[in-house]
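The values are calculated or read from the model by the stated rules, or taken from the named source; none is laboratory data. All values reported here derive from a predicted model rather than from experimental measurement. Cβ placement follows ideal geometry from the backbone for every residue including glycine, while neighbour counts extend to all protein chains displayed.
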Amino acid sequence: MKRVFSGVQPTGNIHIGNYLGALKQFVELQDENQCIYCIVDLHSITVPQDPRELRKHILDVAALYMAVGIDPEKSIIFVQSDVSGHAELSWILTCNSYTGELSRMTQFKDKSKGRESAPAGLFTYPILMAADILLYDSDIVPVGNDQKQHIELCRDIAIRVNNTVKKTFVVPEGRFLKAGARIMALDDPSSKMSKSAENIHSRISLLDDDGKIKKSIMRATTDSEGEIRFDPEAKPGISNLMNIYSAFSGESLEDIQTSYSGKGYGDFKKDLVGIVQEAMAPIKKNFNEIRETQELKDILTLGAEKAGAIAEKTMKRVKENFGLGF
Ligand code: AMP
Ligand code: TRP
């Protein structure tokens with residue numbers, strides 16, 4: 001059995017990009033692997049958070065994990081700050097990372113753009129992510145495309161420690177889906193769909209009601225050509241919508257193109273609205289049932305115990321190999 005690890009930040013507005021790039025894979029993987037799914041609250045404080053909102057969002061993500069189909073009987077669900085090994089290992093890995101490689105991370109460059117000085121946590125963020133993964137001897141890390149560079153860095157750090165200190169870490173592999181790995185913003189298909197964009201119609205959040213879903217899709221940016229053809233370079237708007245259609249329906253892009261030949265964007269968008277509404281309905285229903293239960297907190301407490309037991313073993317090995325303690 002392979003070990004799977006991934007995480008989502010509790011920053012609100014979890015959207016269909018998060019779902020199609022990451023959460024959908026989490027569910028698919030849980031029958032054949034030992035899966036650990038984390039709510040990475042320590043990552044979210046790299047930018048300022050309102051403490052009350054943060055706590056709310058942590059429980060929201062936990063409930064969403066279960067609402068999309070992650071089964072706590074099969075997978076471990078827990079909150080990152082409940083297991084101290086993440087921060088501890090992160091420091092040890094920081095001492096085995098280079099400022100040069102961290103400065104090359106595109107996410108850091110984007111997030112620190114235009115600032116004279118950025119929070120140091122934004123800079124070392126990928127090291128904490130590497131610690132998350134390596135702490136559990138993870139083999140597979142299901143994520144969206146935007147995390148590719150961070151996974152590469154994690155592999156580099158693991159290989160470096162294995163070669164220069166002692167063989168300590170499993171070198172993990174990223175897992176990316178073809179159709180959902182990079183969902184673009186509906187109002188601007190040149191940037192990825194994000195939780196923090198100001199325009200709410202740039203994304204479809206998993207808890208959006210049917211009216212909002214319809215509005216966001218019907219006003220999504222396309223082009224003036226009117227032909228439903230997959231061409232991300234020349235026709236990024238409609239290509240993004242086709243990707244979303246394909247990821248939700250399971251139909252190939254070729255089949256979608258064929259069945260909409262001669263039809264207009266209006267018809268296509270209307271059908272897409274139905275597909276997305278149908279996919280979101282059970283998630284919303286499950287979420288509302290789970291979110292307010294005491295069971296949710298119990299699951300996180302138990303998850304932290306299980307994750308903590310694995311982490312403790314790894315930390316013992318790490319400290320021994322590095323000569324820390326006595
Ligand atoms: P985050 O919200 O940054 O914690 O991301 C959670 C997961 O969703 C990560 O695996 C991301 O790679 C993935 N993700 C975020 N935005 C998108 C997007 N627009 N398209 C596909 N996957 C995404
Ligand atoms: N950095 C990831 C993101 O922003 C979230 C994350 C943190 C993660 N730790 C992880 C993903 C470990 C996979 C594995 O999307």
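Restricted to helices (runs of 4 or more DSSP H) entirely inside segment 1-71, those with at least 3 residues that are away from ligand 2 (no atom under 15 Å from the Cβ) and under 16 Å from the mean Cα position of the chain (by Cα) are 51-67.
Scanning for something more than 12 Å from ligand 2 (Cβ to nearest atom) and among the hydrophobic types (A, V, I, L, M, F, W, C), does segment 136-147 turn up at least one residue? Looking for residues that are more than 12 Å from ligand 2 (Cβ to nearest atom) and among the hydrophobic types (A, V, I, L, M, F, W, C), one finds none in segment 136-147, hence no. Are any of the residues in segment 8-30 in contact (Cβ under 8 Å) with a residue 24 or more places away in the chain and among the acidic types (Asp, Glu)? No, segment 8-30 contains no residue that is in contact (Cβ under 8 Å) with a residue 24 or more places away in the chain and among the acidic types (Asp, Glu).
For residue 303, the stated conditions hold: it is within 30 Å of residue 56 (Cβ to Cβ), buried (at least 18 other Cβ atoms within 10 Å of the Cβ) and not aliphatic (A, V, I, L, M). State whether one or more residues within segment 210-231 are on the phi < 0 side of the Ramachandran plot, within 16 Å of ligand 1 (Cβ to nearest atom), surrounded by 18 or more Cβ atoms within 10 Å (Cβ to Cβ) and in a helix (DSSP H, G or I). Yes. What about residue 132, is it modelled with pLDDT of 95 or more, outside any loop (DSSP other than H, G, I, E, B) and in contact with a His (Cβ under 8 Å, 6 or more places away or on another chain)? So residue 132 passes the test. For residue 190, the test of being part of a loop (DSSP other than H, G, I, E, B), within 16 Å of ligand 2 (Cβ to nearest atom) and closer than 24 Å to residue 239 by Cβ is failed.
For segment 135-167, the tally of residues that are over 17 Å from residue 86 (Cα atoms), within 12 Å of ligand 1 (Cβ to nearest atom) and assigned to a helix (DSSP H, G or I) stands at 5. Among the residues of segment 107-125, the one identified as within 12 Å of ligand 1 (Cβ to nearest atom) and within 28 Å of residue 315 (Cα to Cα) is 125.
The criterion of being loosely packed, with under 12 Cβ neighbours inside 10 Å and not in a helix (DSSP H, G or I) does not hold for residue 266.
As a summary of the residue check, residue 170 satisfies the conditions (1) part of a helix (DSSP H, G or I); (2) closer than 30 Å to residue 93 by Cα except for the one numbered (1). Criterion first (within 30 Å of residue 235 (Cα to Cα) and either within 15 Å of ligand 2 (Cβ to nearest atom) or in contact with a Lys or Arg (Cβ under 9 Å, 6 or more places away or on another chain) (or both)) does residue 111 satisfy it? Taking the combined requirement at face value, the residue satisfies it. Among (1) within 12 Å of ligand 2 (Cβ to nearest atom); (2) surrounded by fewer than 16 Cβ atoms within 10 Å (Cβ to Cβ); (3) of a type outside the set (S, T, N, Q), there is one condition residue 152 misses while meeting the rest; what is its number? Of (1) within 12 Å of ligand 2 (Cβ to nearest atom); (2) surrounded by fewer than 16 Cβ atoms within 10 Å (Cβ to Cβ); (3) of a type outside the set (S, T, N, Q), only one is false for residue 152: (1). The residue list 158, 130, 179 contains one member that is under 25 Å from residue 41 (Cβ atoms) and away from ligand 2 (no atom under 12 Å from the Cβ), which is 158. For segment 1-46, taking the residues that are of a type in the set (Ser, Thr, Tyr) and more than 10 Å from ligand 1 (Cβ to nearest atom), the one that is farthest from residue 82 (Cα to Cα) is identified as 46.
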